[in-house]
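Some notes on the structure that comes next.
The values are calculated or read from the model by the stated rules, or taken from the named source; none is laboratory data. Keep in mind that what you see is a predicted model, and the values were worked out from it rather than measured. Neighbour counts are summed over all protein chains in view; Cβ atoms, including those assigned to glycine, are modelled from backbone coordinates with ideal geometry. Note: accessible area is taken over every heavy atom of the protein model, side chains too, but ligands, DNA and RNA are not part of it. Shrake-Rupley method; radii C 1.70, N 1.55, O 1.52, S 1.80 Å.
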Amino acid sequence: MSAELSKQTIGQMVAERPSRSRVFECWGIDYCCGGKKRLEDSCAALSIDFEAVQRDLQREGAVTEGCQTDWTTAPLTMLSKHIVTTHHAYLRDALPRLSFLTQKVRDAHSSRHPELAELADTFTAFREGMEAHAQKEELVLFPAIERLERKETATSLDCGSISHAIQVMESEHEEAGEGLKTMRSLTNGYAVPDGACATYRAMLDALSELEEDTHRHVHKENSILFPRAEALEREQKCEVTWICL
């Protein structure tokens, strides 16, 4: 890994080359909520081989990725709309299905797997939090960022700057991340237990997919959209205020 790359945060590394996320996922390195850390620090905290991760990143870099949108330079409005149509749309489809699956599996298998009751409760809290979070982004934060990019004069609102709103969103990302960690722990890393029925397997597969999509979702916000919006707000010396979340 180059000296220049070693100075970047994990989030910056994935923002620069999104396919690096696959390497971090394989090693269990958090690049969304933990995206502000440097790779060496994260490896030390997880007691994993920093040099081995570097080698995997180098191998990944040698692979042609094809055409990808560079979200570090794309218009903020384009990025926010992408998040809504890709990740928020995914949540609207996946969360109701997972509510059904987690409850059905709990009712059928909790006598042998008592952890399924906590899993269902944890997922319910995760769903409620993410649905409210997505709504606040779509109705309040993203439109404010889009107005900022258009250099429109915003009306006076109640809760301060876009930067303050972003702090609230990042705090909610941390809560979602903790929920994902709990669900991964309760399912032993989404491992299929002996005697698991098709519904049990479908639940585990859907939870794993949810974790992966949420990591990509949060990364695009924490490491790309939010820092760029805050920088634009500072550049314009804009006193954007907006409705209380």
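Limited to the stretch 121-141, what total is found for residues that are among the charged types (D, E, K, R) and within 28 Å of Leu186 (Cα to Cα)?
4
Considering every residue within the stretch 120-135, establish whether at least one is over 20 Å from the mean Cα position of the chain (by Cα), more than 29 Å from Gln12 (Cβ to Cβ) and charged (D, E, K, R).
Among the residues of the stretch 120-135, at least one is over 20 Å from the mean Cα position of the chain (by Cα), more than 29 Å from Gln12 (Cβ to Cβ) and charged (D, E, K, R), which makes the answer yes.
State whether the residues of the stretch 157-171 include one that is among the small types (Gly, Ala, Ser), modelled with pLDDT of 95 or more, at negative phi and under 24 Å from the mean Cα position of the chain (by Cα).
Yes, that holds for at least one residue.
Please specify each residue of the stretch 2-18 satisfying the condition of being surrounded by fewer than 22 Cβ atoms within 10 Å (Cβ to Cβ), modelled with pLDDT under 85 and in contact with a Gly (Cβ under 9 Å, 6 or more places away or on another chain).
Residue satisfying the conditions is Arg17 alone.
Going through Leu76, Leu46, Leu39 one at a time, which residue ends up being under 30 Å from Leu148 (Cα atoms) and at pLDDT 85 or above?
Leu76
Pick out the one residue from Glu131, Glu233 that is assigned to a helix (DSSP H, G or I) and more than 24 Å from Leu95 (Cα to Cα).
Glu233 is the lone residue from the list that is assigned to a helix (DSSP H, G or I) and more than 24 Å from Leu95 (Cα to Cα).
Would you point out which residue out of Asp30, Asp93 is out of contact with any Cys (no Cβ under 9 Å at 6 or more places or on another chain) and not in a helix (DSSP H, G or I)?
Matching residue, one of Asp30, Asp93: Asp30.
So which residues in the stretch 197-229 are out of contact with any Phe, Trp or Tyr (no Cβ under 6 Å at 6 or more places or on another chain) and either free of Cβ contacts under 8 Å to residues at least 12 places away in the same chain or open to solvent by 40 Å² or more (accessible area, probe 1.4 Å) (or both)?
Cys197, Ala198, Arg201, Asp205, Glu209, Glu212, His215, Arg216, Pro227, Arg228
Report yes if some residue within the stretch 199-211 is β-branched (Val, Ile, Thr) and in a helix (DSSP H, G or I); otherwise report no.
Looking through the stretch 199-211, at least one residue is β-branched (Val, Ile, Thr) and in a helix (DSSP H, G or I).
Being of a type in the set (S, T, N, Q), more than 17 Å from Glu16 (Cβ to Cβ) and without any contact (Cβ under 8 Å) to a residue 40 or more places away in the chain is the filter here, so list the residues in the stretch 65-85 that pass it.
Thr85, the sole residue that qualifies.
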